Amino acid sequence: MATNAMLELKAQSDKRAKDLLDKLSNKTKSLKSYKLNFTFVLNNREQNITQTKEGVLTVKGNKYHLKFDGQEIFCDGKNIYTYQKASNEAQVQAVDELDEESITPEKILTIYEKGFKFRLNEEDKSMPNLKVVDLYPLEPKKKDYSIIRLYIDEGKLFVQRALIRGKNGSDYTYNIKNMESNPDISDSYFVFDKNKFPGVKIIK
């Protein structure tokens with residue numbers, strides 16, 4: 001059982017963690033665009049089931065393009081198209097219809113800026129060359145996860161791993177293999193072009 005001291009520590013933000021996250025945020029916001037190659041690992045702690053999948057995320061301002069697990073997600077800044085290859089269907093949703101707290105790809109590296117307390121975790125030695133920061137939601141009852149753990153390369157200001165601990169008994173881990181800063185990407189790359197997907201069914 002957690003002690004009162006441990007609970008108090010979780011309730012307060014660690015200045016060292018905040019300083020590091022602020023530097024990370026400033027670095028990310030200074031980029032005109034970036035591209036991430038990552039591995040996603042789902043680990044169900046109760047059933048001892050592990051699944052691993054590869055993905056590629058490209059971000060430019062408020063636009064993004066995600067390729068992951070048989071689907072592509074296009075966001076042109078106004079609308080989001082989620083294309084499923086297996087069914088040849090694309091669901092469309094306006095960006096302004098999203099909940100303000102929705103975790104969208106362009107927010108993943110700055111997610112901690114609203115709604116979290118955080119602390120530097122000096123006990124986790126699984127990746128000894130990285131700084132570990134734990135994020136605790138201010139309103140945990142409204143979230144389906146209890147903690148987000150970031151593994152940060154302090155020198156490069158680069159998130160190498162992000163772990164989300166779900167309340168359903170599963171951990172969701174994003175291992176970022178590499179990050180390309182400021183690639184030259186045309187705005188058309190973020191637009192869903194139905195002509196490139198013959199016979200696609202658009203679902204609004």
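Would you mind stating whether Asp96 is out of contact with any Phe, Trp or Tyr (no Cβ under 7 Å at 6 or more places or on another chain), modelled with pLDDT of 90 or more, part of a helix (DSSP H, G or I) and not small (Gly, Ala, Ser)?
Here the answer is no, as Asp96 does not meet what is asked.
Pull up segment 107-121, narrow it to residues that are in contact (Cβ under 8 Å) with a residue 12 or more places away in the chain and not in a loop (DSSP other than H, G, I, E, B), then point me to the one that is nearest to Asn62 (Cα to Cα).
Ile111
Yes or no: Ile152 part of a loop (DSSP other than H, G, I, E, B), farther than 20 Å from Leu42 by Cα and of a type in the set (Val, Ile, Thr)?
So Ile152 fails the test.
Within segment 190-202, is even one residue of a type in the set (A, V, I, L, M, F, W, C) and surrounded by fewer than 15 Cβ atoms within 10 Å (Cβ to Cβ)?
yes
Do we find a residue being under 15 Å from the mean Cα position of the chain (by Cα) and touching a residue at least 12 places away in the same chain (Cβ under 8 Å) anywhere in segment 122-133?
So far as segment 122-133 goes, yes, one or more of its residues are under 15 Å from the mean Cα position of the chain (by Cα) and touching a residue at least 12 places away in the same chain (Cβ under 8 Å).
Quick one: which of Leu36, Leu42 is at pLDDT 90 or above, within 24 Å of Ser186 (Cβ to Cβ), not in a helix (DSSP H, G or I) and not β-branched (Val, Ile, Thr)?
Residue meeting the stated conditions: Leu36.
Which of the residues belonging to segment 155-180 are in a strand (DSSP E or B) and polar (S, T, N, Q)?
Gln160, Ser170, Thr173, Asn175, Asn178
For segment 160-183, check the following and say yes or no: at least one residue is at pLDDT 95 or above and under 20 Å from Lys78 (Cα atoms).
There is no residue in segment 160-183 that is at pLDDT 95 or above and under 20 Å from Lys78 (Cα atoms).
In this structure, does Leu150 turn out to be modelled with pLDDT under 90, surrounded by 11 or more Cβ atoms within 10 Å (Cβ to Cβ) and not basic (Lys, Arg)?
no
Kindly establish whether Met1 is modelled with pLDDT under 95, closer than 26 Å to Pro137 by Cα and assigned to a loop (DSSP other than H, G, I, E, B).
When the stated conditions are applied, Met1 passes them.
If Ile49 passes every condition in (1) without any contact (Cβ under 8 Å) to a residue 24 or more places away in the chain; (2) in contact with a strand residue (DSSP E or B) (Cβ under 7 Å, 6 or more places away or on another chain) but one, which one does it miss?
Every condition holds for Ile49 apart from (2).
Table: residues versus (1) under 16 Å from the mean Cα position of the chain (by Cα); (2) more than 30 Å from Asp144 (Cα to Cα).
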{"residue": "Arg165", "(1), (2)": "yes, no"}
{"residue": "Asn168", "(1), (2)": "no, no"}
{"residue": "Tyr174", "(1), (2)": "yes, no"}
{"residue": "Lys177", "(1), (2)": "yes, no"}
{"residue": "Asn182", "(1), (2)": "no, yes"}
{"residue": "Ile185", "(1), (2)": "no, yes"}
{"residue": "Tyr189", "(1), (2)": "no, yes"}
{"residue": "Asn195", "(1), (2)": "no, yes"}
{"residue": "Val200", "(1), (2)": "no, yes"}
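The values are calculated or read from the model by the stated rules, or taken from the named source; none is laboratory data. Not measured: the values here are computed from a predicted model. Note that we place each Cβ from the backbone using ideal geometry, even for glycine, and neighbour counts take in every protein chain shown.
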